[in-house]
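Here's the structure we're looking at; comments come further down.
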Amino acid sequence: MLHPPHTPSQVSGDWHGVMTGFDPHGPVPANATRRPLLRRILLAGVVVTVFGLAALVMGLIVVDSLGLTTAALAMVTSSLAIGIVVPTFLWVDRLEGEPARLLWFAFLWGALISTLGALLLSATGMQFVAGLHEDPLVVGAVVVAPVTEELLKGLGVALIFWRARREFDGVVDGIVYAGLVAAGFAFVENILYLGTAYAEAGTAGLVGLFVVRGLVSPFAHPMFTVCIGLAFGLIAHRRRWSSAWVVLVGLAAAVFLHALFNYSAVVAADVYLLLFGLVQVPLFVAFLLLLRWARRRESRLMRDHLTGYGINGWFTPAEVAMLADGGERRRARRWARQVGGRPAERAMTAFQDESGELAMVRKHLNAGGPDAEWLRRERVLLATVAEHRRAFVGP
């Protein structure tokens, strides 16, 4: 196995600054005051307060409309669908995992802020269409709900895109964040629908609706909102106002798919099965193909970027192949545990995580040019990758 070189002479070209520590733009010193820490504490306090108030209000709404026992039963039943959806998006994200705080933010935004906002905006929209010569229930389901819900879910993705730009690397990240926002929204929405079905039709109504929403179409909301996440992912490396039209197209696609889904369930209920087979099944297959394409694309990008480091001695070809393949990663962790126990397995896991992050750092550097913060992160990751390798292969 090749080991990282220790002399600058072994590195050339674009990689020379990594080994020598030389930054052509000069180092940017850290803020020596405590202001950054205070800002982070203030921001965290605001987020916790907003989410806490939204949770309190949503809890009161749910319990008031369903009753405590029915709400608890509906929440447990709705959680079963989450056990299908959330692991799917975490699987998509496993090559270069996103920070847990952002994944939780995405889910809670969908579950609390988006649902509460949708209830308020939908009520306003229903009052507006009440004076029209149209069935307000149909207009609400096909027009009002898709627009308000996708706008609010998309806002959560936009906030992550804006505030966590160093963690929003591309298409896969957009899909994961959007999918978790939508999963949170669907979780709370299902509580309301399932609780209402139980209150009106008992256990049969609860089970029947769970089959339709939790088993047959658990990815409905994620399938819509992923269009927005995909749009943000496509412009992650060219954050210019001139690219805003891409996000608008993604939002329009999400609204259209949502409206089409609601139309088949509400307006055309008599031919629901026909529309399900002709429209929803192909859309779901396309959604699965999109997830597969995103995974393969991230694997290819990781292999390409890590190969550059491998040419300069930081990785062997076998390591690059392992790091770009989920199955090989699992086998490598099992091997590490066999040869060195749990400490070696933890070191292998850290080696894989840091290598994935390193590939994304190089992607940013290639797209945006030298940046002091990205170069600093690159040097730190290269050092920790080498240290963790030594933990499972020896010095």
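Within region 99-142, if we keep just the residues that are surrounded by fewer than 17 Cβ atoms within 10 Å (Cβ to Cβ) and either touching a residue at least 60 places away in the same chain (Cβ under 8 Å) or of a type in the set (Asp, Glu) (or both), the residue that is nearest to residue 254 (Cα to Cα) turns out to be 138.
Filter region 226-245 down to the residues that are in a helix (DSSP H, G or I) and free of Cβ contacts under 8 Å to residues at least 12 places away in the same chain, then identify the one that is farthest from residue 115 (Cα to Cα).
242
State whether the residues of region 145-153 include one that is more than 16 Å from the chain's Cα centre (by Cα), in a helix (DSSP H, G or I), buried (at least 23 other Cβ atoms within 10 Å of the Cβ) and among the polar types (S, T, N, Q). No: zero hits. In region 158-185, the qualifying residues are those that are of a type outside the set (Gly, Ala, Ser) and outside any helix (DSSP H, G or I), and the one that is farthest from residue 222 (Cα to Cα) is 166. When each of 87, 146 is tested for being closer than 21 Å to residue 184 by Cα and in contact with a His (Cβ under 7 Å, 6 or more places away or on another chain), the lone residue that passes is 146.
Taking region 353-380 as the range and being open to solvent by 20 Å² or more (accessible area, probe 1.4 Å) and at pLDDT 85 or above as the test, the residues that pass are 353, 354, 357, 375, 376, 377, 379, 380.
Which of the following residues is more than 30 Å from residue 375 (Cα to Cα) and modelled with pLDDT of 70 or more: 44, 72?
Working: 44 fails: more than 30 Å from residue 375 (Cα to Cα).
Of the residues listed, the single one that is more than 30 Å from residue 375 (Cα to Cα) and modelled with pLDDT of 70 or more is 72.
For region 193-225, a residue qualifies if it is part of a helix (DSSP H, G or I), surrounded by fewer than 20 Cβ atoms within 10 Å (Cβ to Cβ) and either at positive phi or under 24 Å from the mean Cα position of the chain (by Cα) (or both), and the qualifying residues are 202, 215, 216.
The values are calculated or read from the model by the stated rules, or taken from the named source; none is laboratory data. Keep in mind that this is a model prediction, so the values were computed, not measured. As a convention, Cβ positions derive from the backbone with ideal geometry for all residues, glycine included, and neighbour counts pool all protein chains shown. Surface accessibility is based on the protein's heavy atoms, side chains included, excluding ligands, DNA and RNA. Shrake-Rupley method; radii C 1.70, N 1.55, O 1.52, S 1.80 Å.
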